[in-house]
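A.B. asks: Sharing a structure with you now.
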């Protein structure tokens, strides 16, 4: 069982829909990252957060430290949002080491 | 200007060969990483260097040897390549601390035949 669980594994949405991807982890963390991997393979860091909420354009990331849970929301989804979204955490005391979730494959259909 | 550049993008080679992947970052970051992405797209850390010093060395076969000539470069040398080494290898960098945003290279698709 992976220490970082993502759900759903696969998600298909219609253009314009509101999308939520979830990430749960097992023990205390010092940071959580959301990454996006495009079909071409490149990986882009979307957010790094340790508490609260961050917003960038149509993307919103939230984290609940007590519940050991984070969500990535995409508002007004678009086909160009189609990608794999990966959650990664740095556990407390684990300098520089990230543990990755298995990713969520999102397909947004026009 | 590419922030984190790694070469080559594709590497096809025979079992038993030795190969290297190069990585350079121009962001002035202190920390560089090598990650391996398997066929199921699962990412796992291999190595992390901070200012040329090895910080993380996961349970990677000693056929894999990272080398950091300076803090802007982290190369990965692989000896005696095996079929199971086939994967995509990503270089990345960040400021020291691990809680900073990561910047990834475009990946090297290694295929061992």
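A.B. asks: Tell me, yes or no, whether the range B:37-51 has at least one residue that is surrounded by 19 or more Cβ atoms within 10 Å (Cβ to Cβ), outside any helix (DSSP H, G or I), more than 11 Å from chain A (Cβ to nearest Cβ) and in contact (Cβ under 8 Å) with a residue 60 or more places away in the chain.
C.D. replies: no
A.B. asks: Let me ask another. Test residue B:43 against the stated conditions and say whether it is in contact with a strand residue (DSSP E or B) (Cβ under 9 Å, 6 or more places away or on another chain) and at pLDDT below 95.
C.D. replies: On the way: in contact with a strand residue (DSSP E or B) (Cβ under 9 Å, 6 or more places away or on another chain): yes; at pLDDT below 95: yes.
Judged against the criteria, residue B:43 is a match.
A.B. asks: Any residue in the range B:16-34 that is within 14 Å of chain A (Cβ to nearest Cβ), surrounded by fewer than 22 Cβ atoms within 10 Å (Cβ to Cβ) and assigned to a strand (DSSP E or B)?
C.D. replies: no
A.B. asks: Taking the conditions exactly as written (touching a residue at least 12 places away in the same chain (Cβ under 8 Å), more than 17 Å from residue B:104 (Cβ to Cβ) and either in a loop (DSSP other than H, G, I, E, B) or facing chain B (nearest Cβ under 10 Å) (or both)), does residue A:102 satisfy them or not?
C.D. replies: Spelling it out, residue A:102 is indeed touching a residue at least 12 places away in the same chain (Cβ under 8 Å), more than 17 Å from residue B:104 (Cβ to Cβ) and either in a loop (DSSP other than H, G, I, E, B) or facing chain B (nearest Cβ under 10 Å) (or both).
A.B. asks: Among (1) under 16 Å from residue A:19 (Cβ atoms); (2) under 10 Å from the mean Cα position of the chain (by Cα); (3) in contact (Cβ under 8 Å) with a residue 40 or more places away in the chain, there is one condition residue A:81 misses while meeting the rest; what is its number?
C.D. replies: For residue A:81, the exception is condition (2).
A.B. asks: Does residue B:87 fit the bill of being crowded, with 18+ Cβ neighbours inside 10 Å and facing chain A (nearest Cβ under 9 Å)? Let's see the steps before the verdict.
C.D. replies: On the way: crowded, with 18+ Cβ neighbours inside 10 Å: yes; facing chain A (nearest Cβ under 9 Å): no.
No: the conditions fail for residue B:87.
A.B. asks: Check off (1) closer than 30 Å to residue B:10 by Cβ; (2) in a strand (DSSP E or B) for residue A:80 and give me the number that stays unchecked.
C.D. replies: The single condition residue A:80 does not satisfy is (2).
A.B. asks: Taking the range A:81-93 as the region of interest, how many residues are at the interface with chain B (Cβ under 8 Å from one of its Cβ atoms) and out of contact with any strand residue (DSSP E or B) (no Cβ under 7 Å at 6 or more places or on another chain)?
C.D. replies: Qualifying residue count for the region: 0.
A.B. asks: Then there is this: If I ask for residues that are away from every other protein chain (no Cβ under 11 Å), surrounded by 14 or more Cβ atoms within 10 Å (Cβ to Cβ), touching a strand residue (DSSP E or B) at 6+ places or on another chain (Cβ under 7 Å) and outside any strand (DSSP E or B), which ones from the range A:4-59 would you list?
C.D. replies: Scanning the range A:4-59 gives a single hit, A:58.
A.B. asks: Return yes when residue B:80 is part of a loop (DSSP other than H, G, I, E, B), away from every other protein chain (no Cβ under 11 Å), at positive phi and out of contact with any helix residue (DSSP H, G or I) (no Cβ under 7 Å at 6 or more places or on another chain) and no when it is not.
C.D. replies: Details: part of a loop (DSSP other than H, G, I, E, B): yes; away from every other protein chain (no Cβ under 11 Å): yes; at positive phi: yes; out of contact with any helix residue (DSSP H, G or I) (no Cβ under 7 Å at 6 or more places or on another chain): yes.
Spelling it out, residue B:80 is indeed part of a loop (DSSP other than H, G, I, E, B), away from every other protein chain (no Cβ under 11 Å), at positive phi and out of contact with any helix residue (DSSP H, G or I) (no Cβ under 7 Å at 6 or more places or on another chain).
The values are calculated or read from the model by the stated rules, or taken from the named source; none is laboratory data. What you see is a predicted model, and the numbers here were worked out from it, not measured in a lab. All Cβ positions, even for glycine, are placed from backbone atoms using ideal geometry, and neighbour counts span all protein chains on display.
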